[in-house]
Amino acid sequence: MDRIIEVNPIDRLAVVEPGVTNAALSRAVAEHGLRYPPDPASWEFCTIGGNIATNAGGLCCVKYGVTAEYVLGLDVVLASGELLRTGRRTVKGVAGYDLTRLIVGSEGTLGVITQATVALRPTAPPPLTLAAVFGSTAAAGAAVTGIISAGAVSALLETIDRVHLRAIEAYRPMGLDTEAAALLLAQCDTGERAPADLAAIAAICTSSGATDVVEASDAAESAMLLEARRAAYPAMERLGTIIVDDVAVPRSRLADLLDGIEQIGLDCDVTIGVIGHAGDGNMHPNIVVPHGDAAALERGRLAFEAIMELGLRLGGTVTGEHGVGVLKRDWLQAELGPVGVRVSRAVRAAFDPNHILNPDKVI
């Protein structure tokens, strides 16, 4: 089910089947001067159906938001076999409960998505990109909070730590500074204002302790920097088994999260690389476990659990965009509390009373 059924430039929407990849949709609508803003790092192979099921984010969600903000309507097959159509094609509409938003992020537990109507936006001006090098992750975190508090306009604000920088450079040499503790990528797509917006971000990075701030000289160099970010996970897989984590905290607690993860790595004697969407406080601590090392796997599990506890303690959430599945069921219950769990289970039972859709997942 990988057809793009319709692209409507006037209504600024597209109708797609769930197997359409994010990249295929983005390229198809670009021919009409439009864009589909959600852009997970895995955009070349992740599907719109998967993006909707997990309410995926992406590199530019700090400015453009996550998948839920672009889903106008869905065709969903219920556990009963009935077809439920949710949402509408209009810009506005508040008739009834928002079943579309309810299904987005439900991880296949409420129904099977067979078609989606998604909102499009005009293509943004060509962006300007900078890379700032930091001697510590704490300094990079301070730069992020400084950028946000100053109201600086950024379409992308990503961090890459030393573990990832070295893995990426070994996987796909790009001339990255592998001695840096952290690399901060920022991008502005505000047209004529972009140079001034990027200069403001550069100044904050410098005042926060950046040892070097370099603006990409052209579109090719900018694309290379983003490619480095997108290559992070396949690069890390070469180091061993990767326990992928996903935790989000209020942006004001980002530095605390980064410091805490570093300490957890030391306490559990495991390598933890941290990469993520710094602009919205959503980090991906990737725990490296050597293949076939059972003791290291157990230490990695303990580190994973400690990161979950840290995220909640800092006022955050156990998953910013990857979802719950099986691995985080208990942690979801800790986050929701008993009333939230009861209400969530009642909603699921209303859609799927026999618990046949993606059983034993989420809640």
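The table below lists the values:
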read-out	value
Any hit, segment 227-245, residues being closer than 23 Å to Leu314 by Cα, charged (D, E, K, R), crowded, with 20+ Cβ neighbours inside 10 Å and touching an Asp or Glu at 6+ places or on another chain (Cβ under 7 Å)	no
Residue match in segment 172-193 (condition: in a strand (DSSP E or B), surrounded by fewer than 17 Cβ atoms within 10 Å (Cβ to Cβ) and either within 20 Å of the chain's Cα centre (by Cα) or of a type outside the set (Lys, Arg) (or both))	no
Residue match in segment 267-283 (condition: hydroxyl-bearing (Ser, Thr, Tyr) and surrounded by fewer than 22 Cβ atoms within 10 Å (Cβ to Cβ))	yes
Unique residue being outside the structural domain of Thr178 (by TED's automatic domain parsing), hydrophobic (A, V, I, L, M, F, W, C) and at pLDDT below 95 when the list is Ile287, Ile307, Ile243, Ile272	Ile243
Segment 169-216, residues that are polar (S, T, N, Q) and under 18 Å from Arg229 (Cα atoms)	Thr178, Gln187
Residue selected from segment 204-224 under the condition assigned to a loop (DSSP other than H, G, I, E, B) and either in contact with a helix residue (DSSP H, G or I) (Cβ under 8 Å, 6 or more places away or on another chain) or touching a residue at least 12 places away in the same chain (Cβ under 8 Å) (or both), by the criterion surrounded by the fewest Cβ atoms within 10 Å (Cβ to Cβ)	Gly209
Looking only at segment 141-171, and only at residues there that are closer than 24 Å to Gly260 by Cα and among the hydroxyl-bearing types (Ser, Thr, Tyr), the one that is farthest from the chain's Cα centre (by Cα)	Ser149
Meets criteria (buried (at least 20 other Cβ atoms within 10 Å of the Cβ) and modelled with pLDDT of 95 or more) for Gly49	yes
All positions within segment 60-96 that are at pLDDT below 95, over 24 Å from Ile10 (Cα atoms) and surrounded by fewer than 23 Cβ atoms within 10 Å (Cβ to Cβ)	Gly96
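Residue-by-condition table, conditions (1) of a type in the set (S, T, N, Q); (2) not in a helix (DSSP H, G or I):
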residue	(1), (2)
His291	no, yes
Leu310	no, no
Gln333	yes, no
Gly340	no, no
Arg345	no, no
Lys361	no, yes
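The values are calculated or read from the model by the stated rules, or taken from the named source; none is laboratory data. The model shown is predicted, which means the values in this text are computed figures rather than measured ones. Virtual Cβ from ideal backbone geometry, glycine too; neighbours counted across all protein chains shown.
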